[in-house]
1. For a protection proxy built on the mean count of beta-carbon atoms within 10 angstrom, sort 40-53, 190-203 highest first, please.
2. FRET efficiency for residue 125 and residue 187, Cβ-Cβ distance as r, R0 = 30 Å, nearest 0.05?
3. Based only on other Cβ atoms within 10 Å, what is the fewest-to-most ordering of 77, 65, 159?
4. Could you tell me the relative contact order of the chain? Use alpha-carbon pairs under 8 Å, at least six residues apart, and round to a whole percent.
5. Just want the ordering: 121, 135, from fewest to most Cβ atoms lying within 10 Å of their own Cβ.
6. For residue 161 and residue 67 in one chain, what is 0.36 nm times their gap in residues minus the Cα-Cα distance, to one decimal in nm?
7. For the ranges 161-167, 207-213, 55-61, what's the packing order if you count other beta-carbon atoms within 10 Å of each residue, average per peptide, and put the highest first?
8. Report the convex hull volume per residue for the stretch 95-164, counting only C-alpha atoms, in Å³.
């Protein structure tokens, strides 16, 4: 009896650690690369994107700062309580450069603190965790849908795109992009409103098929439009 209990206990412990390793092994190389750049700046951008699928197509919206179509969504914001983390990890926000909004999770940090940033984000502390704000700002505020759509829609978490470190030509720095992907389910009334709105010549939104997203380009009435590379994460 005692032997059976011990065997089960050991089995559970092994299963636990194997599960933890499986959950985190994809980040191992990222952590190793960041440690090798111990005292160098690494850029972070941490965001959430919405998958909104209608008629086997995906809703994309015109970017407000970049000329392209992209998923509805945007970067997470932090709260005032984040100040302690900011100081402890010597985080420098990009909004001080005047391009992004205050409290956006776009910042630079030394390589030695990358793993601490990831652990902090996973803790869900000091930051927004509800995924409504960007939908309101990009769909409700421009009157694509009425405010009542928020009360009836369902938001389902799908996945987190595992972060990788890549060199950014635009920022001339190694960067880590992290995305949470949510799917929004709308009732039929608002699905039809999306269909109608997307057909307008000057519409902010378009319904785009998988092929166009994979090509990162779409032709609309003889004009070619770029599709953001991160759009592939919602398909």
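Read-outs: derived from the displayed coordinates by stated rules, not from any lab. On a predicted model such as this, the values are computed, not experimentally measured, just so you know. Cβ placement follows ideal geometry from the backbone for every residue including glycine, while neighbour counts extend to all protein chains displayed.
1. Ranked from most to least packed, the peptides come out as 40-53, 190-203.
2. In this case the efficiency is close to 0.35.
3. 65, 159, 77
4. That works out to 26 percent.
5. Exposure proxy ranking, most exposed first: 121, 135.
6. Additional length available on full extension: 31.5 nm.
7. Final packing ranking: 55-61, 207-213, 161-167.
8. Convex hull of Cα atoms, per residue: 144 Å³.
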